[in-house]
Amino acid sequence: TGEAGRDFIRDIVQADLEAGKHREVVTRFPPEPNGYLHIGHAKSIALNFGIAQEFGGRCNLRFDDTNPTKEEQEYIDSIQADVRWLGFDWGRNVFYASDYFERLYEWAELLIRNGDAYVDDQSQEEIRTSRGTLTEPGRNSPFRDRSVEDNLDLFRRMKAGEFPNGARVLRAKIDMASGNINLRDPVLYRILHAHHPRTGDAWSIYPSYDYAHGQSDAIEGVTHSICTLEFEDHRPLYEWLLSKLPVPSQPKQYEFARLNITYTLLSKRVLTELVRGGHVSGWDDPRMPTIAGLKRRGVPPAAIREFVKRIGVAKANSVVDVGMLEFCIREELNRTSQRRMAVLRPLKVVIENYPEGQTEELEAINHPDDPSAGTRKITFGRELYIEQDDFMETPPKKFFRLFPGNEVRLRYAYFIKCREVVKNDKGEIVELRCSYDPETRGGNAPDGRKVKATMHWLPAAQSVPAEIRVYNQLFANPAPSAANFVADLNPQSLEVLTNARIELSVAASNSAEPIQFERQGYFVRDADSTADKPVFNRTIGLRDTFAK
Ligand code: ATP
Ligand code: MG
Ligand code: MG
């Protein structure tokens, strides 16, 4: 077995293999193509594909495409791209529940012939109310005792498209008094005159999730069908169907806790509404918890894999602190990102004692922990930019950065001292007049004099404008409401800095590699970049400064 953490599901798989129950472990990741994948899905992907890898089995990618009104080819394509991007590979094993429609239909006829299913003419509402509650048994449908002949005839006419949507359903005939509501004659087929992305207009009835899922697992020879806890109560139905049908294998269902994260909603319905309602720019908006959003934000797939490994696989639902995900992102980016400089909110500095028209090259380190990343040249000259935040005209006590009369170090360059503050006629600070000490080249004073701050900066002429997008949590509430999520949106989730400046070398490169802008955090070039104006997304700040 591999290095990944152990959990109760891996223990079961190992025990089953040791007991010789299966020659090979077969799992599946079964997304419904009705939206983009989110980080919750990554947990399931890592679990299913991880088990197959570690135990030398296989994991199928199976599209659970049984609900054509909500499913689209765009989602199928994005799901494949996202699973691959996360670093998992299904080889040739990509399947669609719709590939089994014919066989599922034949098995439904078999259930009818064996007296295990019937056509019900009640409305959806009547079926719902007659199902009872946890404390109250359900009531039998008046159509429950139809003859096999009538049932077969009606079911075939449902298939032939004779009836309108919702006119009839096929139900399993189990037990309307069962303590488990899922066993109170669950719906197996519904009438839906809808175009399916793969089967087109061939079908006007579609199987329910419960009917399609277990049988698809059995057709594919899945040994361990791993799903989230909300399906625990469906397991008796899963097993009932397998016991009634001549399926080629007997998969077993296991449930684990779904991933929940603070400040985050992981529900495709909510994510769909965020996109459709224009609350975000799309499924890949960098504030979205989708795989596509995380990717665009600059989160490396290795950070997501590490995150889902650390949180583990448990049997009880819980909420993971978003700080844990952020920690994994920082760890990975700190290791892999080259350092550069950017000034997010520039303030102009003129070094009065630096000769006009002169420049010089200074050497900057690309990665403090990785000498092989090498160095680069940065130009120093008379006109520079520093960060507005790094200057205060009347500083409070513990402010050690630049203020009138104070001396600081410019990273890789010199000590500078602020001499004068220049304001416009509105009283805003537009420029600082400073001096530099030529003896401090490289950042140290020969007389041993110390400064308390080292600041990043850029040369005015040898840097270029950029747009920088700073993201904060999409929701302001640590436990946002799925029902009323709009009220919990964070109005400050996106801050666009249109006057930022970046190093020439960064602008010149089209690389999608993550970068650390020193003292600011980790950034990645966005696809919105143009030749005139590069756009960078801030993946995450350097420290956990997020105000809770
Ligand atoms: P949602 O509830 O967001 O609509 P879903 O569960 O309906 O998602 P599917 O496409 O059916 O989405 O999910 C595919 C697989 O991913 C399922 O096995 C499901 O259990 C798993 N999954 C979905 N959300 C999570 C989550 N938050 N944590 C872990 N696994 C998840
Ligand atoms: Mg689903
Ligand atoms: Mg769901």
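None of the figures in this text is laboratory data; all of them are computed from the coordinates on show. Being a predicted model, the structure only gives us computed values, none of them experimental. When we count neighbours, we look across all protein chains shown, and the Cβ atoms used for this are built from the backbone with ideal geometry, even at glycine.
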### Query
What are the trypsin sites (Lys or Arg not before Pro) within the range 296-380 that DSSP puts in a loop, where the Cβ has at most 13 other Cβ atoms within 10 Å?
Lys315
### Query
Based on DSSP H runs of at least 4 residues, each adding -39500 (n - 2.57), what is the mean residue ellipticity at 222 nm of the chain after dividing by all its residues, to the nearest 500 deg cm²/dmol?
-8000 deg cm²/dmol
### Message
Rounded to the nearest 5, what % of DSSP beta bridges with both residues in the range 346-461 are antiparallel?
### Response
75 percent
### Query
How large are Rg and Dmax for the range 8-256 when only the alpha carbon atoms are used, in Å?
18.6, 53
### Distance (nanometres) between label positions extended 7 Å along Cα→Cβ at Phe8 and His193
4.8 nm
### Query
Of all the C-alpha pairs in the range 105-250, what % are more than 24 Å from each other?
32 percent
### Message
With both bridge residues required to lie in the chain, what share of the DSSP beta bridges run antiparallel, to the nearest 5%?
### Response
65 percent
### Query
For the range 346-461, what Kirkwood radius comes out of the mean inverse Cα-Cα distance, in Å?
14.9 Å
#### Entry: Cα-only Debye scattering, the range 126-198: base-10 log of I(q)/I(0) at q = 0.20 Å⁻¹
-0.89
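Take the residue pairs Lys397/Lys452; Lys423/Lys533; Lys70/Lys309; Lys348/Lys423 and return only those whose Cα atoms are more than 21 Å apart.
Pairs exceeding 21 Å: Lys423/Lys533; Lys70/Lys309.
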### Task
Considering Cα pairs under 8 angstrom that are at least six residues apart, work out the relative contact order of the range 8-256 and quote it in whole percent.
18 percent
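Using the Cβ atoms and a cut-off under 9 Å, what net charge is assigned to the surroundings of Gly293, where Lys and Arg are +1 and Asp and Glu are -1?
The answer is +2.
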#### Entry: With 20 Å bins from 0: P(r) over the chain, alpha-carbon pairs, percent
18, 41, 25, 13, 3, 0
#### Entry: 19 Å reach of a label modelled at Ser281, 7 Å along Cα-to-Cβ, counting backbone N of the range 472-511
472-475, 490-502, 507, 510-511
### Summary
Scoring the chain by relative contact order with C-alpha pairs under 8 Å, at least six apart, yields a percentage of 11 percent
### Query
How far, in nm, would the chain grow between Thr394 and Thr454 when pulled straight, counting 0.36 nm per residue and subtracting the alpha carbon separation?
19.7 nm
### Query
Leu229 to Asp447: FRET efficiency via 1/(1 + (r/R0)^6), r the Cβ-Cβ distance, R0 60 Å, to the nearest 0.05?
0.35
